[in-house]
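Written below as structure tokens is the structure these notes are about.
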Ligand SMILES: NC(=O)c1ccc[n+]([C@@H]2O[C@H](COP(=O)([O-])OP(=O)(O)OC[C@H]3O[C@@H](n4cnc5c(N)ncnc54)[C@H](O)[C@@H]3O)[C@@H](O)[C@H]2O)c1
């Protein structure tokens, strides 16, 4: 297990879903975890659950789309623990609509949360890490950052996160900072639990199943740790082989060339 003893880790969207699982893994590794989210009840509960296990976590209310919020939360985390070693830009959302159905306000909201929120996070935390002489930022993109996806705003935002990750990696490399992104495939959380795409997506995945949130969290932890010290500006796809060529896999499977994964 990777250790984060006494490291200060900030996780956006940390109250639920993958963010919650990531917060738990970092806390179990010895980190002080700042769980940041727009959902105060779930965030407080998530932090309290970890503290009840003797782990270190605190909830900070944050809407990632607000620069003012970011400045406040960064100041509060610094007051709490005096430094920030890891930032995980995990907060995200989608509406699952077509281009023709997207309202302007919805389009802007998705770009605001997924892309602008990530930019604000990087730009507010980078000066702190720079002053400290290092740090690791892990952005959560998606395997939708490699192809088209049925939500155009989501697709655009996640391609943007991939690009932002590379630019940030270049800009901050001289200061001992690393910036990478994780591109998950289907993980069953509140974002998609009731989606009609769920079953067909699993049917198109070579591994024959959704990815577990814990399997994303372990990659996030790897990218946040010194075990990945030589990596920056990279994207790591964790999607059960979907991006490797789901369409070719389906064709070869239907032709009897490959075996179906056991379900
Ligand atoms: N679940 C998947 O299949 C999947 C696949 C690829 C990428 N992702 C990405 O993983 C990340 C986590 O998704 P999840 O599946 O855990 O979703 P989720 O809906 O379970 O969790 C998202 C969290 O982000 C928070 N959030 C939303 N808007 C926010 C804002 N403006 N400010 C602060 N917090 C905000 C929510 O309150 C929630 O706690 C997202 O970036 C998502 O796009 C998810």
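No value in this document is a laboratory result; all are computed from the given coordinates. Please read these numbers as outputs of a predicted model, since none were measured by experiment. Glycine also receives a Cβ, built like all others from the backbone with ideal geometry; neighbour counts cover every protein chain displayed.
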Computed over the stretch 114-249, Cα set: Rg, Dmax in Å: 15.6, 48
Students often check this: by mean Cβ neighbours within 10 Å, which of 158-171, 128-141 ranks highest, and how do the rest follow? 128-141, 158-171
Per residue, the convex hull enclosing the Cα atoms of the chain spans a volume in Å³ of 134
Report, to the nearest 10°, how far helix 242-254 tilts away from the longest principal axis of the Cα atoms in the chain, using its own Cα long axis and a range of 0 to 90°. 20
Taking 7 Å along the Cα-to-C-beta vector as the label spot, tell me the residue 39-residue 132 distance in nanometres, rounded to one decimal. 2.7
Please report how far the C-alpha centroid of the stretch 212-244 lies from that of the stretch 39-73, rounded to the nearest whole angstrom. 24
Assuming R0 = 35 Å, what is the FRET efficiency of residue 222 and residue 100, from their Cβ-Cβ distance, to the nearest 0.05? 0.30
What is the spin-label model distance, in nm, from residue 147 to residue 1 if the labels are put 7 Å beyond Cα along the C-beta direction? 3.6
With the cut-off at 25 Å, report for the stretch 34-173 the share of all Cα pairs above it, as a whole percent. 33
How long is the stretch 22-90 along each principal axis, judged by its Cα atoms, biggest number first, in Å? 33, 25, 20
With a point put 7 Å past each Cα toward its Cβ, work out how far residue 195 is from residue 171 in nm, to one decimal. 2.9
Using only DSSP helix segments of four residues or longer, with each worth -39500 (n - 2.57), what per-residue ellipticity at 222 nm results for the chain after dividing by its residue count and rounding to 500? -14000 deg cm²/dmol
Which of the peptides 224-231, 80-87, 143-150, 30-37 is most tightly packed, and how do the rest follow, judged by the mean count of other Cβ atoms within 10 Å per residue? 30-37, 80-87, 143-150, 224-231
Row for the stretch 186-255, column shape: gyration tensor on C-alpha, a ≥ b ≥ c, rounded if a/c < 1.5 i.e. under 1.5, prolate if a/b over b/c, else oblate; value oblate
